[in-house]
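What follows is calculated from the coordinates using simple rules that are stated; it is not laboratory data. Treat the numbers as computed from the prediction; the structure is a model and nothing was measured. Using ideal geometry, Cβ is built from the backbone for each residue, glycine included, and neighbour counts are taken over all protein chains shown.
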Amino acid sequence: MSAHTDRRHVLIVHAQPEPSSLTRSMVNTARDTLERAGHEVMESDLYAMGWKAVYDAGDFPDRMNTERLSFVQESGHAYAGGTQPADVAEEQRKLLRADLVILQFPLWWFGMPAIMKGWIDRVWAQGLAYGHKGAGNRHRYGEGGFQGRRAMLSVTTGGPAADYGPRGINGPLDDLLFPITHGVLFYPGMQVLPTHAVHGAGRMDSVGVQTALHAWKARLGHVFDEAPIPYRPQNGGDFDERRHQLLDEIRPGVVGFAAHLRESA
């Protein structure tokens, strides 16, 4: 790969306070692998940054309405008016520069750590991640302010892979992460790659760690060539005029998360 003609910008956002954790090793491996391939890597180490995770009135120093807090209205007002907190504006700058966004985190209680959820809450502003172009819900699920970017979850779990399989006791991992892959990432227009998962992290010996890091390095070697998850775009003709439900003739009898995947999946 040519470092000059194929240079991409990658943002790695991660949430694990322990420097010796597998999460942090995967971040280091990703940075090294991508930089060696000629890409520019940006990083948001949320714990090291002391990221403010709670989304509250403090995010709106110039309020439209001081009597009642409407997060949607105040978010849009702050984004459009340039009055967002500096940390939020900086993360948005990195996001908009990125060709690929990697969210690296340990699975805690079937989701991302609270500090990363707080990063989403504060950075996904109205007018950018939702309400794009002032058009309400017109530009979402395949369109939006983050369109043209790729995104991927890289997750570590404490339990074995069997726990997260099709009949696993915890439920299929893709189903558990659907609110993030489809909701947080595809909603504002990102093309979402299949999740990279490393299971059994809590019981992994040094050989297992090196095997996991080697697999991660190999995955990153072709990350810009992978096909994204074939989620149905909102405006692709599969939904009703008000964009609430799939048309009756689209995969009749298929419900739940599976219905959001195009037949080619």
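The table that follows gives values for the structure above.
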item	result
Rg over Rh [alpha-carbon atoms, Kirkwood Rh] for the chain	0.97
Where labels lie 7 Å past Cα in the beta-carbon direction, separation of Asp240 and Val72 in nm	2.0 nm
Of the DSSP H helices in the chain, those whose Cα atoms cover at least 20 Å axially and whose Kyte score averages -0.5 or more	206-220
C-alpha center-to-center spacing [region 193-265, region 89-105] in angstrom	20 Å
Antiparallel DSSP beta bridges within the chain, as percent of all bridges there, nearest 5	10 percent
Other-chain or far-sequence residues with amide H under 5 Å of Thr156's (modelled H)	Phe105, Leu107, Val198
Pairwise label distance in nanometres, Glu90 with Leu261, each label 7 Å out on the Cα-Cβ vector	4.0 nm
Formal net charge of residues neighbouring Gly81 (Cβ-Cβ distance under 12 Å; K, R +1; D, E -1)	-1
Cβ-defined net charge surrounding Ile102, 15 Å radius [Lys, Arg +1; Asp, Glu -1]	+1
